[in-house]
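Data block below; observations after.
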Amino acid sequence: MRYGLLTAVALCAAGAPARAQTPQPDTLTVETAVHAVLRTHPAVARASEMVTASEARVRGAKSGYYPQVDAVGSYTRVGPTPAIDIGGGQTFLLFPANNYLADLGLRQTVYDFGKRSTGTALARTRVQGAGEALDLTEVTLAYGTIETFYTILYLQESLQIQRDNVAALGEHLDAVRRQVEAGTATEFDVLTTQVRIARAQNVAVEIASLLEKRRIALRELLGAPADAPLALEGQLAVTPVDLDRDARVTAALAQRPEVRLSRTAQAGAELDRRLAALGNRPDVSLDLSVGAKNGYQPDLNTLTANFTAGVAVDLPVFDGFRTRSAVAASDAELRAAEAGTQDVERQVVREVDQSIADVRASGEKIGTAELQVQQAEQALAMAQTRYTAGVITNLDLLDVQTALAEARLLETKARLDFVLSHYALERAAGDRPW
């Protein structure tokens, strides 16, 4: 699947005339729109870089497993030079006047009671957390794109319904004017029809304004130019939905990035507590130094190779209660993380239950809305016949015509609500339908 970006100048939401030689925009389905957003949005790039940064910190945490090597070179001039008078006008120099030193030192931690391994494990949990934060960013952007995409389809359909209503009212106005000329209608009938047309046109303008705002939002998500056209391919389809509550909850607790992120944070708090408890444990290290310097007998000025080797034990005796305070703070943070995980899990279960209820309610509304449209269409046909026969007034006919347009708008809104509640359930369960 290939996902082209948008390339031309947009038409006004209210229906501006097409410009000459305007290139045709690439068609976007909801899947291609989501993939384009996830591929180009800066929030995804930022979250990806945070993963990279966390991986680098893991490598930094592993540095404790490697020896620390330092090279030192120095020159020191001593004066006066320490010497011992041995008689007969002779002296014995204790140190040379010019002192040279070249040294290569190595320190390797041999044992630290698990500080390095715990620190490395903690760094790995942060990598995992960064990855889950990236997942959460992608899910948020994807479902935001889906909502914007289908809202545009809804507004486009609603705008067409309202335009059809304006056109129908315009045709009726022409008929009323002919009736006025024939003496079978009055100017009042013309005026009331014009008022109803103006009201319908205002509704169309409001819908067009909302449509353009949604198109602007979608262009921002796509990173497309402000004048890029949008050609969306899709429909507000009503499809069967799995409403198995237990299966949805189980999937949500296993798949939702919010849950996984919270559990990773809890695991990190446990490791942080373990690391804090190791704060006053000793470190055992091996020290080795090799180099060359002068100052050795019998010729103090000759550079002589030398080395030192030893084992060092760093045993904290008293740290001002720093370790105890760190452990207490880590214990509190761990309890907070555990409570946070429980809170997130409860929220997820609640979202699943609410989404299932919304899907059921929106499905029931669709049936009612479709029936209202059928009834409004039948009422309009009857009203037109009765108006022609002179049984009802012009105002009565206008009311029926407006009721049909409103019923069609409500039916379109019911289908949008169903589609969005379906996707809300998919999100609540942690599914990715793109």
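All of the numbers you see were taken from the coordinates with simple rules; none came from a lab. Just so we're clear, the structure is a prediction, and the values are computed from it rather than from any experiment. All Cβ positions, even for glycine, are placed from backbone atoms using ideal geometry, and neighbour counts span all protein chains on display.
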- request: Would you work out the relative contact order for the chain, in percent, from Cα pairs under 8 angstrom that are 6 or more residues apart?
  value: 22 percent
message: I want to check the label-to-label distance for LEU136 and ILE84. Put each point 7 Å from Cα in the C-beta direction and report it in nm to one decimal.
response: 7.4 nm
- prompt: Residues of the range 373-403 with amide nitrogen under 15 Å from the 7 Å Cα-to-Cβ point of VAL180?
  reply: 394-395
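Which order do the peptides 108-116, 236-244 take when ranked by the mean count of other beta-carbon atoms within 10 Å per residue, highest first?
108-116, 236-244
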query: If you find the alpha carbon centre of the range 278-300 and of the range 150-171, how far apart are they in angstrom?
result: 86 Å
task: State, to one decimal in nm, how far the label point of THR323 lies from the label point of ALA56, with both points 7 Å from Cα in the Cβ direction.
output: 3.3 nm
statement: Taking only the alpha-carbon atoms of the range 317-408, the convex hull volume per residue, in cubic angstrom, is 115 Å³
Cα-centre dipole for the chain with unit charges at Cβ (Lys and Arg positive, Asp and Glu negative), debye to 20: 1080 debye
- request: State the antiparallel share, in %, of DSSP beta bridges confined to the chain, rounding to the nearest 5.
  value: 95 percent
task: Give the calculated FRET efficiency between ALA381 and ASP343 to the nearest 0.05, with a Förster radius of 45 Å applied to their Cβ-Cβ distance.
output: 0.20
message: Can you sort THR81, THR184, THR137 from fewest to most other Cβ atoms within 10 Å of each residue's own Cβ?
response: THR184, THR81, THR137
Which label in [x] 39.3, 152; [y] 22.3, 80; [z] 21.7, 66 gives the computed Rg and Dmax of the Cα atoms in Å: [x]
field: Non-local Lys pairs in the chain, i.e. 8 or more apart or on different chains, that have alpha carbons under 29 Å apart
entry: 4
statement: So, with points 7 Å from each Cα along the Cβ direction, the ALA389-ALA217 label distance in nm works out to 4.8 nm
message: Quick check: residue separation of ALA168 and ALA254 times 0.36 nm, minus the Cα distance between them. What number comes out in nm?
response: 25.6 nm
- line: To the nearest 20 debye, the range 168-286 has a Cα-centred charge dipole, built from +1 on Lys and Arg Cβ and -1 on Asp and Glu Cβ, of 640 debye
query: Which whole-angstrom value gives the distance between the alpha carbon centres of the range 89-119 and the range 178-203?
result: 103 Å
- prompt: Dipole of the range 314-434, Cα-centred, from +1 at each Lys and Arg C-beta and -1 at each Asp and Glu C-beta, to the nearest 20 debye?
  reply: 200 debye
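So what's the net charge close to ALA429: Lys and Arg +1, Asp and Glu -1, counting the other residues with Cβ under 12 Å from its Cβ? Don't skip to the answer; put the middle values down first.
Working: positive: ARG245, ARG248, ARG256, ARG427, ARG432; negative: ASP242, ASP244, ASP246, GLU351, ASP353, GLU426, ASP431.
Cβ neighbours under 12 Å give a net charge of -2.
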query: Taking amide H positions as placed 1.01 Å from N in the peptide plane, with prolines and chain starts having none, which residues 5 or more places from THR91, or on another chain, fall under 5 Å of its amide H?
result: ILE86
- prompt: Which is farthest toward the positive dipole end of the range 48-178 among SER74, GLY88, THR140, measuring Cα position about the Cα centre, with Cβ charges +1 (Lys, Arg) and -1 (Asp, Glu)?
  reply: GLY88
